[in-house]
Amino acid sequence: MDKSITWAEKLNKGHALVDLGYRDYIAARLLLNNHLIIQGLTLASTSVEKYLKAIIVFNLQKKEKYDYHLNRFESLKKLLQKVNNDITEEFDPVFLDILQNAFRIRYYDRIKAPIFMGFHINQLIGELDYTIDFMEKYVSNTQNNGKSMSKYSRAIKNNDSHLYENNYILRNENKKDFMEKTDIGFSIYIRTASEFHEEKVVKGGKTQNKYEGQISKFTDFNETIFLNNKSR
């Protein structure tokens, strides 16, 4: 089987993935800014996944299996390392862990163990913005000589309100200052079995968090939330 891949194939598939990733990203921002948490998380997860796949495709020397989702994050990392572009080392591991859990939410029938995660919404949006902006610039610098014609760059030029809302990067705010603003925590708890399905999204009060390079977990609630619930 011929495993060669042409420049045109890489270009077409790579840019298609970037475009699809941006669509999921802008929808995720809209949902998260309006506190539609689970829906926003799932799209944030697919957005980052598609950008990572685009970077893999742009740098392939031959055809490879790359249709992994974030529940197989290590497989994506190995491919990024293989093409010498594991940019995930630049990203917040707490944020990446949340996105990996978020992928599991897409398929409730495959959840084997309860899902518990908590975060502060502005910090999550800020880290999503940082991650997408980083990958957009990376693709632009490595594929287009620093010139970008992506949906992201066009949205910036057009002052798209959905992109600019609560976006510290495009508003030229300091990241640490933004991450330490008053924020609201959310915790998500999901468990499912053949005879029941239970989902809880718990909203906390306003708080301020220190930011030292990783987003803060929202730990006001923990796995004991289910201890008093009887199985149905």
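The values are calculated or read from the model by the stated rules, or taken from the named source; none is laboratory data. No experiment lies behind these values; they were computed from the predicted model shown. All Cβ positions, even for glycine, are placed from backbone atoms using ideal geometry, and neighbour counts span all protein chains on display. These area figures cover heavy atoms from the full protein model, side chains too; ligands, DNA and RNA do not enter into them. Shrake-Rupley method; radii C 1.70, N 1.55, O 1.52, S 1.80 Å.
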Here the qualifying pairs (Cβ atoms under 7 Å; residues six or more apart or on different chains; first in the stretch 146-172 and under 13 Å from residue 132 (Cβ atoms); second assigned to a loop (DSSP other than H, G, I, E, B) and open to solvent by less than 70 Å² (accessible area, probe 1.4 Å)) come out as 156/170; 163/170
Identify the single condition in (1) at pLDDT below 95; (2) surrounded by fewer than 23 Cβ atoms within 10 Å (Cβ to Cβ) that residue 130 does not satisfy, given that it satisfies every other one.
-> (1)
Select, from 157, 176, 151, the only residue that is among the basic types (Lys, Arg) and touching a helix residue (DSSP H, G or I) at 6+ places or on another chain (Cβ under 6 Å).
-> 151
Identify, by number, the condition in (1) within 15 Å of residue 120 (Cα to Cα); (2) open to solvent by 30 Å² or more (accessible area, probe 1.4 Å) that residue 192 doesn't meet.
-> (1)
Could you list, in sequence order, the residues of the stretch 51-69 that are buried (at least 20 other Cβ atoms within 10 Å of the Cβ) and under 14 Å from the mean Cα position of the chain (by Cα)?
-> 51, 52, 53
Can you tell me which residue in the stretch 173-189 is least open to solvent (accessible area, probe 1.4 Å), limited to those that are β-branched (Val, Ile, Thr) and in contact (Cβ under 8 Å) with a residue 60 or more places away in the chain?
-> 188
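Can you tell me which of 115, 38, 87 is surrounded by fewer than 18 Cβ atoms within 10 Å (Cβ to Cβ), closer than 20 Å to residue 141 by Cβ and touching a helix residue (DSSP H, G or I) at 6+ places or on another chain (Cβ under 7 Å)?
87
Hey, among 166, 159, 122, which residue is under 19 Å from the mean Cα position of the chain (by Cα), at pLDDT 80 or above and at positive phi? Steps first, answer last, please.
On the way: 159 fails: under 19 Å from the mean Cα position of the chain (by Cα); 122 fails: at positive phi.
Criteria check complete, one pass: 166.
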Matching residues in the stretch 90-112 - criterion: being modelled with pLDDT of 85 or more and open to solvent by 30 Å² or more (accessible area, probe 1.4 Å) = 90, 93, 97, 100
